[in-house]
Amino acid sequence: MQDIRLDSPLSGQLIPLSEVKDPAFASGAMGRGAAVKEPAGKVFAPVDGEVTVLFDTLHAIGIHAADGADILIHVGLDTVNLKGQHFTAHVAQGDTIKKGQLLLEFDAAAIKAAGYDTTTPVLVTNAGDYGKITVALGEQEISSDNAAAAEAAPAEAEDPALANLPKEERVAKLIWKYVGGRDNVRSAEHCATRLRLIIEDKSKLDEKAIENIDGVKGQFFAAAQYQIILGTGFVDKVYDAFVAGTGLAGSSNNKAEAYAQMSTVQKISRTLGDVFVPIIPVLVATGLFMGLRGAVQALGIEFSPNVMTMSQVLTDTAFIFLPALVCWSTMKRFGGTPVIGIVLGLMLVAPQLPNAWAAIPGGAQQPLLMDILGIQVPVVGYQGSVLPALVLGIVAAKLQAALKKVVPDIIDLIVTPFLTLFICMLLGLLVIGPIMHGIESAVFGAVAAFLALPFGIGGFIVGGLQQVIVVFGVHHIFNALEVQLLATTGVDPFNAIITGAIVAQGGAAVAVAMKTKDEKKRALYFSSAVPAFLGITEPAIFGINLRFMKPFLYGLAGGACAGGIAGFLHLAGTGMGITVLPGTLLYLNNLLPYIVVNVVGFAVAFGLTFTLFTPEE
């Protein structure tokens, strides 16, 4: 087979597809190639050819090269939801293009601010026609071999009456057949590569049959959507055939439908994820600064007072003004004006108020006592608090929306912000703050006590169950816990526990890959396992371990053992948001125990799976 080499169409950092945080791309189901992390905002043509696909949303472009290669450039992950916002096209579908020609421009900063990952996969979608595929960016090169591509088996017992239909109609009719019929699909839409469905009754699905349809490259559930991977260009045709005559076209709102189908716990988890995920990068950076400072001090290096002060600016600022970050993100999530959220959060930590860390019994400062209807209400700042800012942000967003309905437009710009700030300041400092801070202290005190149970019991339980929680999609509920642990104690023991659970699932997946005799499946399994060692377990869980079940259970056992050791050693990171290999940076001052936890998690899961599990191929 012919080998091909492509120059990356974007500048940035070239990474393997296995590191992309999307199982459809990471598994190689969409094709082979590489991805560009932290891309600049311009996409150039990597080859001479023709633009075969350009979505109205402008987030993805397909090119048919003069040499026959079909290339997909997908800017960001799930950016179809932006509906073209922050994108500008310089070509149209059907245009003939030359290598180096500007195709698209996008505002990477705005896309990130909207909560989307800008990592951009660059794929050869007809990769089966080629041997080695190499993507180059400067001195960086990433190559993949044809052996890594797993071929889909034909669907079993397909209806002979469908044989003479065009391929897209045949695939659409088979999908309808195996999703349980038209009454079982609430809404349908598609992105550049996937048909996305909201299903009424999951028990009616025949997932194996759908995966085996000739033309389907994979399927999985994510964010309450059933996603069927079809590939660029082909997904348009299947979607048109799928919705023809159904009334589904143009009427679906999958995001709202997906949210409506979630359980209460899933809704809470998703909401907390939407609030805290945007601020996690700042807390990750702060944790790295703390880890580096601790490692340097452990080597016996002393800082001068001025240098120590500068380092404290780096490590303490995010937590001192944490309510401002939380209130800003909450206002944005609930449709309020983000800058009002920032100001409200800053009011909770205003320097005129007694500092929360100093206004404790026997502390250097005393709370302000406000007399309200004969009741003495202590008022302090809320440095490092989460719940007061979270609840205040929700109240402020709802209040602002209510005011906009009654305040005349001509004075809305002045009156609405004034009333929102005034009312919410009083509520925040006198009502919401004291109540939520009391609840927060009780809840997180109980959690901290559970994690600190003797002999690592708390860590054993959390480590054994954490990946089950990931499967159910409610793991974001722990974001608030980790933020509060960092704000109050300066360290995050939860991070140390879950890193063992994550690496254990990777260990189980590696064992399955090593025991698989089919070379194509083995290569696919290894590519799905690799992201686990970077902290991303979804490809390993959904692509391998859950499909066979036993490896998943053995991974849970490995996570429990690793979590127990982390709890027993009282291991804790200086930050949150990164685990396994990247997480090493959070443990520079306590590296050996961290390595032990990861080795135990991997070894137990790998050993159990390799010894007790035999894949049926």
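The values are calculated or read from the model by the stated rules, or taken from the named source; none is laboratory data. These numbers come from a predicted model, not from an experiment. Every residue, glycine among them, receives a Cβ derived from its backbone with ideal geometry; neighbour counts consider all protein chains shown. Remember, those area values only see protein heavy atoms, side chains included, never the ligands or the DNA or RNA. Shrake-Rupley method; radii C 1.70, N 1.55, O 1.52, S 1.80 Å.
Mean sequence separation of contacting Cα pairs (under 8 Å, at least six apart), scaled by the length of the chain, corresponds to a relative contact order of 12 percent.
Convex hull of alpha carbon positions in region 432-472: directionally averaged projected area 3.7 nm². When each of the peptides 177-185, 389-397, 501-509 is scored by how many other beta carbons lie within 10 Å of its residues on average, the order from highest to lowest is 501-509, 389-397, 177-185. Kirkwood analysis of the Cα pair distances in region 265-332 returns a hydrodynamic radius of 13.8 Å. Quick one: angle between helix 457-471 and the longest Cα principal axis of the chain, in degrees between 0 and 90, rounded to 10, please. So the helix axis and the longest Cα principal axis differ by about 40 degrees. Axis of helix 550-568 versus longest Cα principal axis of the chain: the two differ by about 20°, to the nearest ten degrees. Relative to the Cα centre, the charge distribution of region 92-141, modelled as +1 at Lys and Arg Cβ and -1 at Asp and Glu Cβ, gives a dipole magnitude of about 100 debye.
Extension gain, Arg186 to Asn164: 0.36 nm times the residue separation minus the Cα-Cα distance gives 5.0 nm.
Averaging 1/r across all pairs of distinct Cα atoms in region 1-141 and inverting the result yields a Kirkwood radius of 14.8 Å. With N as its number of residues, region 274-404 has a Cα radius of gyration that, divided by 2.2 N^0.38 Å, comes to 1.27.
Comparing Gly62, Ile280, Phe548 along the charge dipole axis of the chain, the residue lying farthest to the positive side is Ile280, per the Cβ-charge model. Measuring against 32 Å, Cα to Cα, the residue pairs Lys83/Lys521; Lys98/Lys520; Lys37/Lys267; Lys37/Lys132 contain Lys83/Lys521; Lys98/Lys520 as the ones spanning a longer distance.
Excluding ligands, DNA and RNA, the accessible surface per residue across the chain is 44 Å² with a 1.4 Å probe. Highest average first, the peptides 536-545, 366-375 ordered by how many other beta carbon atoms sit within 10 Å of their residues are 536-545, 366-375.
With Rh defined as the Kirkwood radius, the inverse of the mean 1/r over Cα pairs, the Rg/Rh of region 301-373 is 1.11.
At the listed q of 0.20 Å⁻¹, the Debye profile of region 355-448, built from one uniform point per Cα, gives log10 I(q)/I(0) equal to -1.00.
Rolling a 1.4 angstrom probe over the chain with all protein chains present gives an accessible area of which 62% lies on carbon and sulfur atoms. Counting only residues at least eight positions apart within a chain, or on another chain, the lysines with an alpha carbon under 16 Å from that of Lys177 are Lys167, Lys202, Lys204, Lys208. Summarising the label geometry, the points placed 7 Å from Cα in the beta-carbon direction at Met310 and Gln365 lie 2.7 nm from one another. In a simple Cβ point-charge model (Lys, Arg +1; Asp, Glu -1; nothing else charged), region 415-521 has a dipole of about 400 debye relative to its Cα centre. Spin-label pair Glu207-Asp7: with each label point 7 Å from Cα along the Cα-Cβ axis, the two points sit 4.3 nm from one another. Taking each residue as 0.36 nm, the span from Leu299 to Lys517 lengthens on full extension beyond its C-alpha to C-alpha distance by 73.6 nm. Rolling a 1.4 Å probe across all protein chains gives Glu38 an accessible area of roughly 100 Å².
On the basis of the beta-carbon distance and an R0 of 22 Å, Leu465 and Val265 show a calculated FRET efficiency of 0.95. Seen against the Cα atoms of the chain and their longest principal axis, helix 280-298 is set at about 70 degrees. Taken over region 328-404, the ratio of Cα radius of gyration to 2.2 N^0.38 Å equals 1.26. Over all alpha-carbon pairs in region 437-558, figure out the percentage whose distance exceeds 25 Å. Beyond 25 Å sits 31 percent of the P(r) for region 437-558. Dipole size of the chain about its Cα centre, with +1 on Lys/Arg Cβ and -1 on Asp/Glu Cβ: approximately 940 debye, rounded to the nearest 20.
Distance from the alpha carbon centroid of region 163-201 to that of region 388-452 works out to 44 angstrom. Spherically averaged projected area of the convex hull of Cα atoms, the chain: 33.0 nm².
Between Phe422 and Phe472, residue separation times 0.36 nm minus the direct Cα-Cα distance comes to 13.9 nm.
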